[in-house]
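Okay, structure first, notes after.
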Amino acid sequence: MRLGCYAFALLVLGIDQLTKYFASKYLHYGAEVDLLPFLSWKLVHNTGAAFSMFADGDWSRWALSLLAAVFSVFLANEIRKLEASDGWYGFACASILAGALGNLVDRLRLGWVVDFVFVHYEAFRFPVFNVADSAVTVGAAIWIVLLVTRSMSGARETS
């Protein structure tokens, strides 16, 4: 179970870095390549966090890198402590770990995060993102669902 979670995290990290490499190599910065009416490739560099928050200079690069590193150690330790019945929790931790490491690698290597997936429809424009961001989002959503369901089942047991 634990080894599978670490392997999954490494796989997602590899896919993230490979897609960022190809996006950087073949896309022109800022130009949109339409795939579907609501989906485009668009290469941008994000020096901040989600939605370009905290993109205020070099301090944010190091602060966000430190935060990602600390949280990655926490997640790796959570995976290390997994029981066989904790499959969904392991998947959530591995997903978030892969995403945190994927964006950490970019920040340390480049000084920014490579984003290239652009979802839009008419006036709606979602911020450009990458595979690592998607992994964090999916992992966090699963983690939240697990916390809520465990909390609700715990509340029923005490009633």
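The values are calculated or read from the model by the stated rules, or taken from the named source; none is laboratory data. As the structure is a prediction and not an experimental result, all values here were calculated from the model. Here the Cβ positions follow ideal geometry from the backbone for every residue, glycine too, while neighbour counts run over all protein chains shown.
Residue by residue, here is whether (1) over 29 Å from LEU39 (Cβ atoms); (2) among the β-branched types (Val, Ile, Thr); (3) not in a helix (DSSP H, G or I) holds:
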{"position": "GLU78", "(1), (2), (3)": "yes, no, no"}
{"position": "CYS93", "(1), (2), (3)": "no, no, no"}
{"position": "GLY102", "(1), (2), (3)": "no, no, no"}
{"position": "VAL105", "(1), (2), (3)": "no, yes, no"}
{"position": "ARG109", "(1), (2), (3)": "no, no, no"}
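Candidates TYR89, TYR121: the one that is over 11 Å from the mean Cα position of the chain (by Cα) and closer than 24 Å to LEU36 by Cβ is TYR121.
A count restricted to the stretch 105-138 and to residues that are more than 20 Å from LEU18 (Cα to Cα) and buried (at least 16 other Cβ atoms within 10 Å of the Cβ) stands at 1.
Only residues that are more than 17 Å from the chain's Cα centre (by Cα), at pLDDT below 95 and not hydrophobic (A, V, I, L, M, F, W, C) were counted across the stretch 44-86, and they come to 7. Selection of the stretch 1-52 for residues being in contact with a Phe, Trp or Tyr (Cβ under 8 Å, 6 or more places away or on another chain), part of a loop (DSSP other than H, G, I, E, B) and surrounded by fewer than 17 Cβ atoms within 10 Å (Cβ to Cβ) yields PRO37, PHE38, GLY48.
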